[in-house]
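Have a look at the structure below, then the notes.
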Amino acid sequence: MTSQNNPDNTVLVLNAGSSSLKYQLVQPDSGTVVAHGLVERIGESQARVEHVQGDEKNEFVGEIADHQAGLAKVFDLFSEAGHDLGSEGIVAVGHRVVHGGPKFYRPTVIDDDVVAAIRDLEDLAPLHNPVNLVGIEAVRELLPDVPSVAVFDTAFFHGLPDHVATYAIDRALAKKHDIRRYGFHGTSHEYVSGATADFLGADRESLNQIVLHLGNGASASAIEGGRPVETSMGLTPLEGLVMGTRSGDVDPGVVMYLRRAADMDVDQIDTMLNREAGLKGLSGENDFRTLTEKVEAGDADATLAYKVYVHRLRKYIGAYMVTLGRTDAIVFTAGVGENAPKLRADSLAGLESFGIRIDSERNAARSREARVISSDDSAVTVLVVPTNEELAIARQSVAALAG
Ligand code: ADP
């Protein structure tokens with residue numbers, strides 16, 4: 001067995017979505033990924049598991065009834081590759097949990113009480129927390145002797161200043177229902193801002209950064225000396241930037257208007273804003289790569305969608321530069337941020353008077369590594385820094401177990 005393929009001292013990291021399950025078996029110290037994979041279309045007859053371990057890739061296509069069956073299939077694929085996850089050296093399972101509500105802002109070792117408390121948050125995150133819990137329950141069933149740790153997407157933003165976290169609505173009502181701006185993608189914003197400081201050889205405390213996490217979901221944050229002072233998502237992951245299928249900011253009046261004028265009920269409006277809006281709502285296409293191809297082919301809807309996306313992003317960058325007062329670094333990350341040079345260039349075009357100059361050659365170069373894409377005379381350093389939420393979750397899980 002090569003060390004690359006050694007499951008000792010590993011953490012199994014799980015990210016459960018409504019019909020999918022992403023997983024990674026990772027060594028938290030070295031960051032070595034022993035195996036990773038994806039279960040898709042759970043609940044359908046043609047579900048698919050792709051499992052990559054070392055140089056081997058295994059695939060399964062067939063019926064997978066639920067998340068537990070999906071996970072059992074993943075365990076089978078591990079066995080076929082020579083590893084019995086039940087008896088080998090997994091020290092923890094780390095679960096991404098989207099909403100920690102007011103109660104959870106540290107990685108938390110999961111027991112029955114924690115499961116119940118996460119379940120109590122289902123009203124705050126109806127699209128996310130229930131499926132995260134399904135993943136937790138499946139693991140506790142299949143690996144009863146391995147401790148599970150919940151790592152919350154909201155945790156990093158727990159310390160947002162009060163005036164940033166507060167919506168201007170009736171205070172008693174907000175308090176009663178725990179309504180505040182929580183922020184999401186916190187694991188990524190924390191990891192990427194730390195990795196940026198390390199890459200630049202700077203103290204976290206000395207650096208003011210704007211981090212742009214642009215994936216299927218998208219969010220921006222302003223980070224002052226390592227502490228978040230603004231972020232674009234709010235009570236739920238719907239606020240802020242335009243996303244693959246989410247609208248981001250809309251006038252809240254749109255919701256009431258649709259209720260009255262279009263006779264849509266709350267669930268229909270929820271579905272429309274979360275699943276049928278954003279790039280998909282504007283152009284029919286939520287995948288950024290395909291959207292870009294359509295823009296290049298001259299598709300008018302795709303072009304408008306792209307422009308709306310860029311406009312919203314620039315608005316947030318401008319707002320956060322003022323929030324920070326001094327911006328040292330602007331950092332692009334996640335699928336779109338790491339891979340779409342034109343989007344990066346368009347988001348920061350014409351901002352030379354704000355001290356931002358992109359070097360087009362550096363921006364166009366392809367790499368999986370952290371890199372600077374601004375020119376040497378740019379006052380603000382612009383970077384691409386790959387995120388690694390799985391590694392961050394693995395490390396936080398081990399730290400939580402160490403107490
Ligand atoms: P998730 O939020 O699911 O973790 P990712 O961070 O993986 O999402 O980002 C997925 C998005 O990244 C998709 O819209 C995809 O089209 C986009 N993306 C991936 N590769 C490229 C690329 N080469 N060019 C443009 N967009 C890309």
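The values are calculated or read from the model by the stated rules, or taken from the named source; none is laboratory data. Remember, it's a predicted structure, so these values are computed and weren't measured experimentally. Here the Cβ is made from the backbone with ideal geometry for all residues, glycine too, and neighbour counts use every protein chain on show. The area values use the complete protein model at the heavy-atom level, side chains included, leaving out ligands, DNA and RNA. Shrake-Rupley method; radii C 1.70, N 1.55, O 1.52, S 1.80 Å.
Of note:
- Interchain or long-range residues, amide H under 5 Å from THR32's placed H: GLN27
- A DSSP coil position with no more than 14 other Cβ atoms inside 10 Å describes the following trypsin sites (Lys or Arg not before Pro) in region 227-331: ARG326.
- Among ASP346, ASP113, ASP287, residue whose mean-square fluctuation peaks in a GNM of the chain (springs only between Cα atoms under 10 Å): ASP113
- Prolate/oblate/rounded call for region 13-120, Cα gyration tensor, a/c under 1.5 rounded: oblate
- Per residue accessible area in Å² of region 268-341, where ligands, DNA and RNA are left out and the probe is 1.4 Å: 47 Å²
- Karplus 3J(HN,Hα) series, Hz, for region 67-78 with 6.51 cos²θ - 1.76 cosθ + 1.60 (x for Gly, Pro): 4, 5, 5, x, 5, 4, 5, 4, 4, 4, 5, 4
- Across region 239-256, computed HN-Hα scalar couplings (Karplus, 6.51 cos²θ - 1.76 cosθ + 1.60, θ = phi - 60°) run 6, x, 5, 6, 10, x, 10, 9, 5, x, 4, 9, 4, x, x, 4, 5, 5 Hz from first to last residue, x flagging Gly and Pro.
- Listed residue (ALA349, GLY325, GLY278) projecting farthest to the positive dipole end of region 266-403, Cβ model: GLY325
- Each label was represented as a point 7 Å from its Cα along the Cα-to-Cβ direction; for GLU276 and ARG119 these points are 3.2 nm apart.
- Top positive-direction residue, dipole computed over region 113-236 with Cβ charges, set GLY135, GLY186, GLY159: GLY159
- Cα centroid separation - region 113-137 against region 275-296, whole Å: 30 Å
- The apolar share of the surface of the chain, taken as the fraction of accessible area on carbon and sulfur atoms (1.4 Å probe, ligands and nucleic acids excluded), comes to 48 percent.
- Computed per residue of the chain from DSSP H runs no shorter than four, each worth -39500 (n - 2.57), the mean residue ellipticity at 222 nm is -11000 deg cm²/dmol.
- Å² per residue, accessible surface of region 1-134 at 1.4 Å: 46 Å²
- Rolling a 1.4 angstrom probe over the protein heavy atoms with all chains in place gives region 187-229 an accessible area of 35 Å² per residue.
- Dipole magnitude for the chain: computed about the Cα centre from +1 point charges on Lys and Arg Cβ and -1 point charges on Asp and Glu Cβ, it is near 1220 debye.
- Cleavage-rule hits, GluC sites (Glu not before Pro), region 347-385, DSSP coil, Cβ neighbours within 10 Å at most 11: GLU369
- Size of electric dipole in region 124-186: Cβ of Lys, Arg +1 and of Asp, Glu -1, about Cα centre, debye, nearest 20: 360 debye
- Sparse-neighbour loop sites [chymotrypsin sites (Phe, Trp or Tyr not before Pro); region 163-272; at most 16 other C-beta within 10 Å; DSSP]: TYR167
- Directionally averaged shadow of region 193-245, computed from the convex hull of its alpha-carbon atoms, nm²: 3.8 nm²
- For the chain, the tally of Lys pairs with Cα-Cα distances below 27 Å comes to 17, considering only residues 8 or more apart or on different chains.
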